[in-house]
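Visitor: Pasting a structure below so you can have a look.
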Amino acid sequence: MDRIARRLFLQGLSSVAAAAGLSAPFQSAWAVEARRPAGPALPKPYTIVIDAGHGGVDPGCIGRVGTYEKDVVLDTALQLARQLEATKRYRIYLSRNSDKFVPLQERVIRARARTADLFLSVHADALPERTVRGASVFTLSEKASDREAAAVAERENRSDIVAGVNYTPDPQVNEILFDLARRETNNQSIQLAQQLVGELGRHVRLLPNTHRSAAFVVLKAPDIPSALVEIGCLSNHDEEAELRKGSYRSVVASALSKSVNTYFDMVARSGA
C-alpha cells in the first residue's frame with residue numbers, strides 16, 4: 001500500500017473509532033503517520049541549454065542540393081530536447097525553438113542566466129574536401145587544435161565575448177578565480193566531449209580528427225561545461241542525404257541524449 005493510500009485507510013479507521021467513542025490505536029497510528037516527514041527530496045534536476053546553431057537570416061552551411069544547416073540542426077535539437085525531457089532528470093531550455101536569429105553573445109548570456117549545468121551547441125559542417133564526411137565534437141581552446149578547427153571557429157563566430165565571474169576588489173584574485181573556474185569547466189567539457197565521441201561513434205560516421213578545439217564564442221562561459229557538435233558534413237553528397245532524413249537525425253539525437261545521461265551519471269557519482 002503506498003503512503004497516500006495508507007494515510008486514507010488509517011484516517012478512515014480513526015473516524016470510525018472516534019464515532020464509536022473508542023480510544024483506538026488507529027487514532028494514534030494516524031497521528032504518527034501524519035507527523036511522519038515526507039521521503040527524501042527528489043534530486044534537483046540538472047539544467048541543460050541546447051543551442052541549435054544559426055537560424056533566421058543566418059542559414060549556416062548550405063548543402064549541395066540546398067539543405068540549410070539551420071533546419072537540420074533545429075530538428076535535431078528539438079528531438080534531443082524531447083528525449084532528455086522524457087527522462088525527468090533535466091530542465092531543458094532551447095536557445096531557439098523556431099527559425100529565428102539569436103546572436104551568439106545572447107546564447108551565452110541566456111545560458112548563464114539559467115545557471116545552466118551544461119551547454120550543448122548543435123551544428124552541421126561544410127568542408128573544402130567534398131569527399132570527407134563524419135561528425136565531430138569541439139571544446140573551447142583559445143589556440144585551435146588545427147587549421148581546420150580554426151577555420152570552422154572563424155566561420156561560426158560573428159562576435160566575441162568572454163563571460164565574467166563574480167569579481168572581488170582585488171584584480172589578482174579575480175584573475176585566479178577566473179582561471180580556476182575556466183580550468184575546472186574545461187576539464188568537465190572534455191569529459192562531456194569524450195562521452196559524445198564515444199556514443200556518436202557507435203551510430204554514425206566520425207571524422208578522423210574527431211575531438212578538436214577552437215575559440216567558439218558559444219563555448220566561452222567560464223562556469224558552464226560546453227561542447228559543440230558538428231553532426232555531419234553538408235558538403236558531402238551522401239551525408240547531406242542522410243541529414244535530410246528525420247530518422248537519421250533521430251539516431252543522432254539519441255546518441256547525444258545517451259552521452260548527456262552518461263556524463264551526468266559521472267557528475268552524480270563525483271558528488272559535483
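We did not get these values from a lab; they are worked out from the coordinates using the rules stated. Computed from a predicted structure; not experimentally measured. Don't worry about glycine lacking a Cβ; one is built from the backbone with ideal geometry, like all the others, and counts go over all protein chains shown.
Visitor: Determine the sum of side-chain charges near L80: Lys and Arg each +1, Asp and Glu each -1, restricted to other residues whose C-beta is under 13 angstrom from that of L80.
Guide: -1
Visitor: Please give every one of the lysines within straight-line cross-link reach of K44, meaning a C-alpha to C-alpha distance under 16 Å, and leave out same-chain neighbours fewer than 8 residues apart.
Guide: Straight-line reach from K44, under 16 Å: K88.
Visitor: Using modelled backbone amide H atoms (1.01 Å from N, in-plane), which distant-in-sequence or interchain residues come within less than 5 Å of S235's amide H?
Guide: L127
Visitor: Could you please report the charge total around R91, scoring K, R as +1 and D, E as -1 over all other residues with beta-carbon less than 12 angstrom from its beta-carbon?
Guide: That sum, taken over residues with Cβ under 12 Å, equals +2.
Visitor: Residues with amide H under 5 Å of L206's amide H, sequence separation 5 or more or different chain, H placed in the peptide plane at 1.01 Å from N; which?
Guide: Under 5 Å from the amide H of L206: A135.
Visitor: Can I ask one more? Name the long-range amide H neighbours of T67: under 5 Å, sequence gap of 5 or more, or other chain; modelled H, no Pro or chain starts.
Guide: Close amide H contacts, sequence-distant or interchain: none at all.
Visitor: Which value in nm describes the separation of the simple spin-label points at D99 and S254, placed 7 Å from the Cα toward the beta carbon?
Guide: 2.8
Visitor: Okay, next question. With the crude spin-label approximation of a point 7 Å out along Cα→Cβ, what separation in nm comes out for R205 versus T131?
Guide: For the pair R205/T131, the computed spacing is 1.2 nm.
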